[in-house]
Structure formats: structure tokens, C-alpha cells
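Read the structure below first, then the notes.
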Amino acid sequence: MAITYDYIDDYLYRIAQPRDLLLQKMEEEAESGAVPIIGPLVGRLLYNLARSSQSKNVLEIGTAIGYSGIWLGRAVSPLKGFVTTLD
């Protein structure tokens, strides 16, 4: 059972900024390998939360293929921050 409505997801994907090739490839790999990832909308949310809070140190528990870690790493890199991941 989905927790959101399709029309809301469609709208959010239409207004979301395009992802770079690395993230797109990771999304394809995750889908083909049945690896659960947060997806681009939640990735953008994590990025915005980390940037707006000016986080320098992030702890991620549950790395999988590192998709969310990339979003978080990109958010903290302007402040010379770092992400620690545990799987």
C-alpha cells in the first residue's frame, strides 16, 4: 500500500531538479538489483535538511549502496564536513 498519492508524486517529480548521471545510474542499479534506496525526492529532502541546518558531521546508519550518503556528502562538503556511514 502506497503512503502517497500518485498525482502528488507526479507533481513532485515534475518540479524536482534533474539528477546527475551518477545518481541516475545508482537508481537504475538499485532497481535492477532490488536494493532499497531512499529515491530522489527523499534524497533532495535530506540534502536540504543537512544544508539548512549547516551540518558538518553526519552519521548514516544503513548504507546499502551509498545513495543517500552521496546526497548527504554533497550537502556538507561546502562546509568541509563529512559523512560517516555504518552498514
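Whenever a residue of the range 61-87 is closer than 17 Å to Glu31 by Cα, its partners that are among the polar types (S, T, N, Q), lying with C-beta atoms within less than 6 angstrom and at least six residues away or across chains, give the pairs Thr63/Thr85.
Quick check, is Gly43 out of contact with any helix residue (DSSP H, G or I) (no Cβ under 7 Å at 6 or more places or on another chain) and not aromatic (Phe, Trp, Tyr)?
Working: out of contact with any helix residue (DSSP H, G or I) (no Cβ under 7 Å at 6 or more places or on another chain): no; not aromatic (Phe, Trp, Tyr): yes.
In short, no.
Every read-out reported here was derived from the displayed coordinates using simple, explicitly stated rules and does not represent laboratory data. This one's a predicted model, so the numbers in the text were calculated from it and none came from an experiment. Quick reminder, even Gly has a Cβ in these numbers, built from the backbone with ideal geometry, and neighbours come from all protein chains shown.
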